Amino acid sequence: MRDSLYGLLCALLLGLGHMCMFTGYDTQSFIVEPVLHSVHDRQPGIINAHGGYYGQAVCMVTYTFANLAVPWALGLLGSKLSLVFGSSLFTLYLLSFLYVHYIPYYLTAALMGIGFSLYYAGSSCYLTEHSSRSTIEMHSAFSWAVANMCMIVGGVVMLFTIQPSVDPLTLTSSIAMNKTMPDRDYREFGDLEIRLMYGAFAVVSFISNLIFAFIPSQTVENSLAQITKREERFGFCEQMKKMFTALTDRRMIQMAPVFCFVSSSTCFWIYVYPTTLTFTKSLSTHVYLPAYYAITLGFGDGLMGFTIMFISKRIPNFAQMPTLIIGALLHMTALLLVLLSTPAWSTNTPNDDFTLWLEPSVEMSLLIAFIFGLADNCINTSRTVLSALCMPDQRAQVFSISKFYQSLTAGVLMFLTPWMSVPMYFVLLGANCITSLVMYRRVASETRKVERKV
């Protein structure tokens, strides 16, 4: 098989594995806060009322510190085994929802932080092993587009596992029928429904474990990354020195706002805004809205991915600064619509408060989801491409540093979200977005200058 087709096949399989793994994780992230809020209301001693946010914060704390050691682990395991072990911890986390309790929940959330670091380091390394300088932009956009079909698959799974709306007055016979309670201002999730959803998510996640176990490992000719021989690999202490050297490099310091923006923007569309759809009273009666949100966001993400792949074949460096600018504009447009159409404190409290201008509606929520999907692919593709090119002799460290900043940002945000409103997020993300554009342009320009000299 020709290297071009083989590399594209590897990118496809990487995207499919990512799709199956995040079908469960990303989709459940839309509802994990209201799900655990519902469990807490029935049995307060089982889980904290904001366990959804706190669980993600715990995950991100372990993820942050695991990123410091993951280049060493990647050297021992290789990209393929890192994908297998990392994805397996995601499956374990989803299984913990079959019988919710704070001990297995927080334990598997912490382990999933390690899984995050292994998976993302492995996937970034695998992509560069199977891409050349001329194909990295196309492979990155293509793999990310396929991967984010997980939103569509996850939304379909939710459609088949969410129980339909019922008259609240008939609900007293069974909580498991799960509809808004007569004395509630938000949608209630029953135990049976939780087990159906998370059981289905765990099955799909297990498929990703199988894909990564059998994914091809042979690299392409002229790949961006070369597999290091075992006898030439650095020990733990040497790897940590390389990690801290890269962490203090001027280019990595300049890229820090970009990495933080990738994380903060993702946290908003995957955790915060979907929670407002359940905690806003006028929208909580639409029990299938989280599923439609996931499907619409996935469609936008995939559409933009294939668009970037097509244009990148014709316009050099399109997947860098031009793509980030497009993503930033789209993301701020979606954020503005959220600001105008969402009660300020629906981020953490069930309410029926007024909005700034627009009334909450299903149509507006789906429009916002579509724009978020378009923006997400732009932001992630531009980050991945520049991370692969800016420090070619330290790619493993660069990818780990990017995840270090992302997980640190997400951990802080998840701890603070119970006290943050929609306007606070708008100001924070707006400032982060502007800083990211300025810093990204500097690093991208410097990288192109270096490439022209080579």
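The values are calculated or read from the model by the stated rules, or taken from the named source; none is laboratory data. Model, not experiment: these values are computed from the prediction. So basically every Cβ, Gly included, is an ideal-geometry build from the backbone, and we count neighbours across all protein chains shown. Side chains included, ligands, DNA and RNA excluded: accessible areas come from the protein's heavy atoms. Shrake-Rupley method; radii C 1.70, N 1.55, O 1.52, S 1.80 Å.
I'd like to check something: does region 320-331 contain any residue that is farther than 27 Å from residue 142 by Cβ, among the hydrophobic types (A, V, I, L, M, F, W, C), at pLDDT 90 or above and out of contact with any Asp or Glu (no Cβ under 9 Å at 6 or more places or on another chain)? No; the residues of region 320-331 include none that is farther than 27 Å from residue 142 by Cβ, among the hydrophobic types (A, V, I, L, M, F, W, C), at pLDDT 90 or above and out of contact with any Asp or Glu (no Cβ under 9 Å at 6 or more places or on another chain).
Note on region 385-398: residues that are within 20 Å of the chain's Cα centre (by Cα) and under 22 Å from residue 312 (Cα atoms) amount to 4. For region 183-208, the set of residues classified as in contact (Cβ under 8 Å) with a residue 40 or more places away in the chain and surrounded by fewer than 21 Cβ atoms within 10 Å (Cβ to Cβ) consists of 184, 185, 190, 191, 195, 199, 200, 202, 206, 207, listed by residue number.
Every condition in (1) assigned to a loop (DSSP other than H, G, I, E, B); (2) within 15 Å of the chain's Cα centre (by Cα) holds for residue 45 except the one numbered (2).
Of all residues in region 105-119, one or more are of a type outside the set (A, V, I, L, M, F, W, C) and farther than 27 Å from residue 293 by Cβ. Residue 278 satisfies every condition listed in (1) assigned to a loop (DSSP other than H, G, I, E, B); (2) under 22 Å from the mean Cα position of the chain (by Cα) except (1). Return the residues of region 352-383 that are within 18 Å of residue 30 (Cα to Cα), surrounded by fewer than 24 Cβ atoms within 10 Å (Cβ to Cβ) and touching a Phe, Trp or Tyr at 6+ places or on another chain (Cβ under 9 Å); say none if nothing qualifies. 362, 366, 370 - these are the residues of region 352-383 that are within 18 Å of residue 30 (Cα to Cα), surrounded by fewer than 24 Cβ atoms within 10 Å (Cβ to Cβ) and touching a Phe, Trp or Tyr at 6+ places or on another chain (Cβ under 9 Å).
Identify all residues within region 281-308 that are among the β-branched types (Val, Ile, Thr) and either open to solvent by 30 Å² or more (accessible area, probe 1.4 Å) or assigned to a helix (DSSP H, G or I) (or both); write none if there are none.
Listed by number, the residues that qualify are 285, 295, 296, 307, 308.
Looking at region 424-432, can you tell me whether even one residue there is modelled with pLDDT of 90 or more, within 29 Å of residue 188 (Cα to Cα), open to solvent by less than 10 Å² (accessible area, probe 1.4 Å) and among the aromatic types (Phe, Trp, Tyr)? Checked region 424-432: at least one residue is modelled with pLDDT of 90 or more, within 29 Å of residue 188 (Cα to Cα), open to solvent by less than 10 Å² (accessible area, probe 1.4 Å) and among the aromatic types (Phe, Trp, Tyr). Apart from one condition, residue 55 fits all of (1) modelled with pLDDT of 90 or more; (2) of a type outside the set (Ser, Thr, Tyr); (3) over 29 Å from residue 347 (Cβ atoms); the exception is (3).
Taking region 1-22 as the range and being open to solvent by 40 Å² or more (accessible area, probe 1.4 Å) and under 10 Å from residue 143 (Cα atoms) as the test, the residues that pass are 8, 9, 12, 13, 16. Any residue in region 251-270 that is open to solvent by less than 40 Å² (accessible area, probe 1.4 Å) and not in a helix (DSSP H, G or I)? Among the residues of region 251-270, not one is open to solvent by less than 40 Å² (accessible area, probe 1.4 Å) and not in a helix (DSSP H, G or I), which makes the answer no.
Assessment of region 63-81 against the conditions (open to solvent by less than 20 Å² (accessible area, probe 1.4 Å), touching a Pro at 6+ places or on another chain (Cβ under 7 Å) and at pLDDT below 95) yields no matching residue. The set of residues in region 409-454 that are in contact (Cβ under 8 Å) with a residue 40 or more places away in the chain and not in a helix (DSSP H, G or I) comprises 420, 421. Considering 5, 13, the condition of being part of a helix (DSSP H, G or I) and either without any contact (Cβ under 8 Å) to a residue 40 or more places away in the chain or in contact with a strand residue (DSSP E or B) (Cβ under 7 Å, 6 or more places away or on another chain) (or both) is satisfied by 5 alone. For region 48-84, filtered to residues that are among the polar types (S, T, N, Q) and over 19 Å from the mean Cα position of the chain (by Cα), the residue that is nearest to residue 20 (Cα to Cα) is 79. Within region 309-323, track down each residue that is surrounded by 21 or more Cβ atoms within 10 Å (Cβ to Cβ) and more than 19 Å from residue 131 (Cα to Cα). If the condition is that a residue be surrounded by 21 or more Cβ atoms within 10 Å (Cβ to Cβ) and more than 19 Å from residue 131 (Cα to Cα), then 323 is the only one that fits.
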